[in-house]
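Undergrad: This is the structure I want to talk about, given as structure tokens.
The values are calculated or read from the model by the stated rules, or taken from the named source; none is laboratory data. Keep in mind it's a predicted model, so treat the numbers as computed, not measured. In this analysis, Cβ positions are derived from the backbone assuming ideal geometry, glycine residues included, and neighbour counts consider all displayed protein chains. Ligands, DNA and RNA are excluded from the accessible area calculation, which covers all protein heavy atoms including side chains. Shrake-Rupley method; radii C 1.70, N 1.55, O 1.52, S 1.80 Å.
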Amino acid sequence: MEELCDEMMDEFLPKGKVEFVQDFAWRLPMRLIIRLLGLPEEDFEQIKYWCMQGIRSLSGTASRVELIEIGVSSAGFTRYLWKHYLKAKKNPPANFTGTLIKNSADPDNIINDQRAIAIILQMLIAGSDSSASSMGSAVRVLAREPELEKALRAEPEKIPLFIEEVFRMESAFQGHFRVTTREVEMHGVTIPAGAQVFLMWASGNRDERFWDNPEVFDMNRRNVKKHLTFGFGVHACVGRELARMEIRIVLKKLLEKTSRFAIVGESPYEASIFARTLLKLPLAFETADKKDMAHQSDRDSEKSPGRKVNNEQEAEYVSI
């Protein structure tokens, strides 16, 4: 993970700017997962497209025509995974796919080929989007809060606490659908057995009955790791420690390799009831050994007549 992070950061650091989400945050977790699964890295762009379509299907904003297109795309994605899975099954490799294959060969194991494909599909779609968006959100928070950025530079050992508060404030998935197994009463409302409900992790993460000042970003909270971002109990996200590791390494290296960074454009999230997907995060920065951010930002502002960035704004870490 560290080697891959260094390799990718070294590609954009000399430029003094980067579209952090599209060119880095989306690519790094997915490249790692592709390697863990033994899929061809040259298929990255196609796999990324399929994953984005999968997340889009649950947005609640896709039209009927778009949902049909997504269904066709999903079928193509599934065929692709079956092709590589069956090929790997002939000679199980020493990776995660090989582990699934070996478990599926055991008649007493709950894993079978269909479930193995479902796990691989979920790792690619959920793992790539949640890690990418949380990674982007973490950098976005730091770029908008210079005092917080300075604090982490001074005490990098607090990066894990910072990440947990990012998870709470910017839940990558706003919630998940579940089906009740029995009738249950909650806050005076009876939910019948077999009802489909939407458990809103993001709402729970800002519940004032549990969190003190829930709208305030505070990485020093006493219960900072008690958020619901990764689900709960038997439904807790299987990749949560991988996501924590990825974001921790990226933030540590970004802070080490730069002296400061700023958002120099719009950083919108996708309209969705399901996922908190960060679409773009254009950054300009100074490398740790070279002061070049202000010059780069001035050039960018000259090229974009709709947005003028002056030196005073840059000093305040421009962000939208």
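Undergrad: Considering only residues of the range 114-131 that are in contact with a Ser or Thr (Cβ under 8 Å, 6 or more places away or on another chain) and open to solvent by less than 30 Å² (accessible area, probe 1.4 Å), which is modelled with the lowest pLDDT?
TA: First, pick out the residues of the range 114-131 that are in contact with a Ser or Thr (Cβ under 8 Å, 6 or more places away or on another chain): 115-117, 120-121, 129.
With the extra rule that they be open to solvent by less than 30 Å² (accessible area, probe 1.4 Å), the set shrinks to 116-117, 120, 129.
Values: ALA116: 96, ILE117: 96, ILE120: 94, ASP129: 79.
Per the criteria, the residue is ASP129.
Undergrad: Here are ARG276, ARG248: which of them is open to solvent by 70 Å² or more (accessible area, probe 1.4 Å) and in contact with a Ser or Thr (Cβ under 8 Å, 6 or more places away or on another chain)?
TA: Details: ARG248 fails: in contact with a Ser or Thr (Cβ under 8 Å, 6 or more places away or on another chain).
Going through ARG276, ARG248 in turn, the sole match is ARG276.
Undergrad: Given the criterion more than 21 Å from the chain's Cα centre (by Cα) and either in contact (Cβ under 8 Å) with a residue 40 or more places away in the chain or surrounded by 14 or more Cβ atoms within 10 Å (Cβ to Cβ) (or both), identify the matching residue among LEU161, LEU152, LEU199, LEU100.
TA: Details: LEU161 fails: more than 21 Å from the chain's Cα centre (by Cα); LEU152 fails: more than 21 Å from the chain's Cα centre (by Cα); LEU199 fails: more than 21 Å from the chain's Cα centre (by Cα).
Criteria check complete, one pass: LEU100.
Undergrad: Here is a further query. Looking at GLY136, is it within 19 Å of PHE24 (Cα to Cα), in contact with a helix residue (DSSP H, G or I) (Cβ under 7 Å, 6 or more places away or on another chain), at pLDDT below 90 and in a helix (DSSP H, G or I)? It would help to see each step written out before you state the result.
TA: Values: within 19 Å of PHE24 (Cα to Cα): yes; in contact with a helix residue (DSSP H, G or I) (Cβ under 7 Å, 6 or more places away or on another chain): yes; at pLDDT below 90: no; in a helix (DSSP H, G or I): yes.
Considered against the rule, which asks whether it is within 19 Å of PHE24 (Cα to Cα), in contact with a helix residue (DSSP H, G or I) (Cβ under 7 Å, 6 or more places away or on another chain), at pLDDT below 90 and in a helix (DSSP H, G or I), GLY136 comes out as no.
Residue by residue, here is whether (1) surrounded by fewer than 20 Cβ atoms within 10 Å (Cβ to Cβ); (2) assigned to a helix (DSSP H, G or I) holds:
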| residue | (1), (2) |
| --- | --- |
| PHE24 | no, yes |
| PRO29 | no, yes |
| LEU39 | no, no |
| THR78 | yes, yes |
| HIS84 | yes, yes |
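Undergrad: Now a separate question. Being assigned to a helix (DSSP H, G or I), touching a strand residue (DSSP E or B) at 6+ places or on another chain (Cβ under 9 Å) and in contact (Cβ under 8 Å) with a residue 24 or more places away in the chain, is that true of even one residue in the range 116-129?
TA: Of the residues in the range 116-129, the ones assigned to a helix (DSSP H, G or I) are 116-129.
Within this subset, residues satisfying the condition of being touching a strand residue (DSSP E or B) at 6+ places or on another chain (Cβ under 9 Å) are 126, 129.
After this cut, where a residue has to be in contact (Cβ under 8 Å) with a residue 24 or more places away in the chain as well, the list is 126, 129.
Scanning the range 116-129 turns up at least one residue that is assigned to a helix (DSSP H, G or I), touching a strand residue (DSSP E or B) at 6+ places or on another chain (Cβ under 9 Å) and in contact (Cβ under 8 Å) with a residue 24 or more places away in the chain.
Undergrad: Tell me which residues, restricted to the range 86-100, are more than 22 Å from GLY239 (Cα to Cα) and part of a helix (DSSP H, G or I).
TA: Scanning the range 86-100 gives LEU86, LYS87, ALA88, LYS89, LYS90.
Undergrad: Are any residues in the range 1-22 more than 13 Å from PRO282 (Cα to Cα) and not in a helix (DSSP H, G or I), and if so, which ones?
TA: Our first condition is that a residue be more than 13 Å from PRO282 (Cα to Cα); within the range 1-22, this holds for 1-11, 13-14.
Passing the criteria: only MET1.
Undergrad: Working only within the range 259-280, note down all residues that are under 23 Å from GLU2 (Cβ atoms) and without any contact (Cβ under 8 Å) to a residue 60 or more places away in the chain.
TA: If the condition is that a residue be under 23 Å from GLU2 (Cβ atoms) and without any contact (Cβ under 8 Å) to a residue 60 or more places away in the chain, then SER259 is the only one that fits.
Undergrad: Kindly indicate the residue of the range 251-273 that is polar (S, T, N, Q) and either touching a Cys at 6+ places or on another chain (Cβ under 8 Å) or modelled with pLDDT of 90 or more (or both) and also surrounded by the fewest Cβ atoms within 10 Å (Cβ to Cβ) among those meeting that condition. Outline the logic, then answer.
TA: Step one: list which residues in the range 251-273 are polar (S, T, N, Q), which gives 258-259, 267, 272.
Next, from what is left, pick out any that are either touching a Cys at 6+ places or on another chain (Cβ under 8 Å) or modelled with pLDDT of 90 or more (or both): 258-259, 267.
Working: THR258: 21, SER259: 14, SER267: 22.
Among those that are polar (S, T, N, Q) and either touching a Cys at 6+ places or on another chain (Cβ under 8 Å) or modelled with pLDDT of 90 or more (or both), it is SER259.
Undergrad: Which one is most open to solvent (accessible area, probe 1.4 Å) among residues in the range 44-68 that are charged (D, E, K, R) and in contact (Cβ under 8 Å) with a residue 12 or more places away in the chain?
TA: Quick first cut of the range 44-68, residues charged (D, E, K, R) only: 45, 48, 56, 64, 66.
Now narrow it down to the ones that are in contact (Cβ under 8 Å) with a residue 12 or more places away in the chain: 48, 56.
On the way: LYS48: 18, ARG56: 52 Å².
The residue in question is ARG56.
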